[in-house]
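K.L.:
Have a look at this one.
The values are calculated or read from the model by the stated rules, or taken from the named source; none is laboratory data. This one's a predicted model, so the numbers in the text were calculated from it and none came from an experiment. When we count neighbours, we look across all protein chains shown, and the Cβ atoms used for this are built from the backbone with ideal geometry, even at glycine.
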Number of protein chains: 2
Amino acid sequence: MSGWLVVAGLGPGADALVTPEVQAALAEATDIVGYIPYVARVAPRPGLRLHASDNRVELDRARHALDMAAAGHRVVVVSSGDPGVFAMASALFEALEGVPAYQTLDIRILPGITAMLAAAARIGAPLGHDFCAINLSDNLKPFAVVEHRLRHAAQGGFAMAFYNPRSASRPHQFARVLEILREECGDDRLIAFARAVSTPEERITTVTLAEARPEMADMRTVVIVGNAATRRVGPWVYTPRSAEAP
Amino acid sequence: MSGWLVVAGLGPGADALVTPEVQAALAEATDIVGYIPYVARVAPRPGLRLHASDNRVELDRARHALDMAAAGHRVVVVSSGDPGVFAMASALFEALEGVPAYQTLDIRILPGITAMLAAAARIGAPLGHDFCAINLSDNLKPFAVVEHRLRHAAQGGFAMAFYNPRSASRPHQFARVLEILREECGDDRLIAFARAVSTPEERITTVTLAEARPEMADMRTVVIVGNAATRRVGPWVYTPRSAEAP
């Protein structure tokens, strides 16, 4: 039996946002590997082994998945959203580095609906012009990098989407992010908090930067900041397709 | 009969990348509206009216869709990729502005797999850290805005994805983009050209900026530029999850 390894994006939560390509890989798999709440989204069936692990062990998880594929298993590593956006695909290639034997394995990355685009769809079209995606977690980068990128994104006139805005272990950092944004973008810029999009707990709140409070975000929230032209129309928020000279 | 309007993302090309949510909307629709090649991707059936129009008439198309929904039709405006990324969602809200009667219509935006994420999955994980998406077309913004954003994206250390890199009407501009990138990022930075991802015409080429040529891109190509840490591992290209101080 020839093994393979798929890194699949499950989308933001709803089954209706899982692509047929990902559904087919899950149906053929012998082993599912991933962070506990993502593995819990895969329906159990006879013969399917579930390997759920905690957060922050991405490299161990990737090596385990590679080992099983090398041994002939059909392995799906599950990510929320899209596996290439602040998720498991990058960790997998990191685990592959320096292990040439594993670089010839049958590996496929299957895209998914990433949280910022699911959130944007609920909000309107806040990412309707040039935009950036920034991971606000400082697990793997110093906060100075976050600040540097926030300022360039703002000065470049990009709309912005933030992943992992706030966690229990770093409650104060997002307050600093909001301060930097107010300095760079002014008080009137629109900011949307999209929590648990496409799940029963979904909650969307759009305010100005002046009204934004750190506690509006948690680890299940994607935050979207408009550019200078982003505005409300009826119940929606959108960013126009056109832009004037800088 | 109560009408509605859905703006749906069909993904980059393959049927296996169309979400069940979008499939369900297409199955319930009475009218499909969109750019000719995207409408051609919807299977005809009795009772389904297809309204295909040419490029650059996005506002007319949006108004037509709103008129039909207001008259009780079930209308799906189809976009390639994700409707919120350089596609029809923003044009729809632009058409809604100043027409309060239409702002109470039943409108939903349904996300799709956007081209840069489908391309990234084929390449490896080139957008595995903070990244920007930039539309290189100057239809709706001066090229000075493009240059301004390119320089901020590069100086901020973002990976970058470019939509609409090159067209027959502006063949020289992408050459200038490559010059700016070489100035900002150096000759050794990796750049990937992903054409027609997920279709039979798919072609992926990764080179350095020194080797990049304008004719490697056309309007069916998404271009991805790594950050300073982006590298090859086996047949893949990925951007590490970690970053050092700027």
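K.L.:
Name the strands (runs of 3 or more DSSP E) wholly inside region B:87-164 in which the number of residues that are facing chain A (nearest Cβ under 8 Å) and surrounded by 21 or more Cβ atoms within 10 Å (Cβ to Cβ) is 1 or more. Please lay out each step first, then the result.
P.N.:
Values: elements: B:107-110, B:131-135, B:159-163.
Those strands (runs of 3 or more DSSP E) span B:107-110, B:131-135.
K.L.:
Quick check: is even one residue across region A:179-187 within 14 Å of chain B (Cβ to nearest Cβ), farther than 23 Å from A:Ser80 by Cβ, touching a residue at least 24 places away in the same chain (Cβ under 8 Å) and of a type in the set (Asp, Glu)?
P.N.:
yes
K.L.:
Any residue at all in region A:59-74 that is in contact with a Lys or Arg (Cβ under 9 Å, 6 or more places away or on another chain), under 11 Å from A:Gly34 (Cβ atoms) and either buried (at least 24 other Cβ atoms within 10 Å of the Cβ) or of a type outside the set (A, V, I, L, M, F, W, C) (or both)?
P.N.:
The answer is no, given that none of the residues of region A:59-74 is in contact with a Lys or Arg (Cβ under 9 Å, 6 or more places away or on another chain), under 11 Å from A:Gly34 (Cβ atoms) and either buried (at least 24 other Cβ atoms within 10 Å of the Cβ) or of a type outside the set (A, V, I, L, M, F, W, C) (or both).
K.L.:
Considering only region B:103-148, state which residues are of a type in the set (S, T, N, Q), more than 21 Å from B:Ala196 (Cβ to Cβ) and not assigned by TED's automatic domain parsing to the domain that holds B:Ala65. Even if it seems obvious, please write down each step before you answer.
P.N.:
Filtering region B:103-148 for residues of a type in the set (S, T, N, Q) gives B:103-104, B:114, B:135, B:137, B:139.
Checking the rest, the ones that are also more than 21 Å from B:Ala196 (Cβ to Cβ) come to B:103-104, B:139.
B:Asn139 - this is the single residue of region B:103-148 that is of a type in the set (S, T, N, Q), more than 21 Å from B:Ala196 (Cβ to Cβ) and not assigned by TED's automatic domain parsing to the domain that holds B:Ala65.
K.L.:
Within region A:11-27, does at least one residue satisfy the condition of being touching a residue at least 40 places away in the same chain (Cβ under 8 Å), hydrophobic (A, V, I, L, M, F, W, C), on the phi > 0 side of the Ramachandran plot and within 10 Å of chain B (Cβ to nearest Cβ)?
P.N.:
no
K.L.:
Residue by residue through region B:26-41, note down the ones that are within 14 Å of B:Arg74 (Cβ to Cβ) and touching a Leu at 6+ places or on another chain (Cβ under 6 Å). Quick ask: steps written out before the conclusion?
P.N.:
Of all residues in region B:26-41, those within 14 Å of B:Arg74 (Cβ to Cβ) come to B:26-33.
Hit for region B:26-41 is B:Ile32, nothing else.
K.L.:
Moving on to the next point. In region A:69-122, which residues are charged (D, E, K, R) and either out of contact with any Phe, Trp or Tyr (no Cβ under 9 Å at 6 or more places or on another chain) or under 21 Å from B:Thr239 (Cβ atoms) (or both)? Don't jump to the end; show me each part of the working.
P.N.:
Kept after step one, since they are charged (D, E, K, R), are these residues of region A:69-122: A:74, A:82, A:94, A:97, A:106, A:108, A:122.
Those that are charged (D, E, K, R) and either out of contact with any Phe, Trp or Tyr (no Cβ under 9 Å at 6 or more places or on another chain) or under 21 Å from B:Thr239 (Cβ atoms) (or both): A:Asp82, A:Glu94, A:Glu97, A:Arg108, A:Arg122.
K.L.:
Right, here's the next one. Could you list, in sequence order, the residues of region B:121-150 that are among the acidic types (Asp, Glu) and out of contact with any strand residue (DSSP E or B) (no Cβ under 7 Å at 6 or more places or on another chain)? Break it down into steps so the answer makes sense when it comes.
P.N.:
Just the residues of region B:121-150 that are among the acidic types (Asp, Glu), to begin with: B:130, B:138, B:147.
Once the filter is applied, which keeps residues that are among the acidic types (Asp, Glu) and out of contact with any strand residue (DSSP E or B) (no Cβ under 7 Å at 6 or more places or on another chain), region B:121-150 yields only B:Glu147.
K.L.:
Quick test for you: out of A:Gly34, A:Gly72, pick the one residue that is small (Gly, Ala, Ser), assigned by TED's automatic domain parsing to the domain that holds A:Ser90 and not in a loop (DSSP other than H, G, I, E, B). First the steps, then the outcome.
P.N.:
Details: A:Gly72 fails: not in a loop (DSSP other than H, G, I, E, B).
Residue meeting the stated conditions: A:Gly34.
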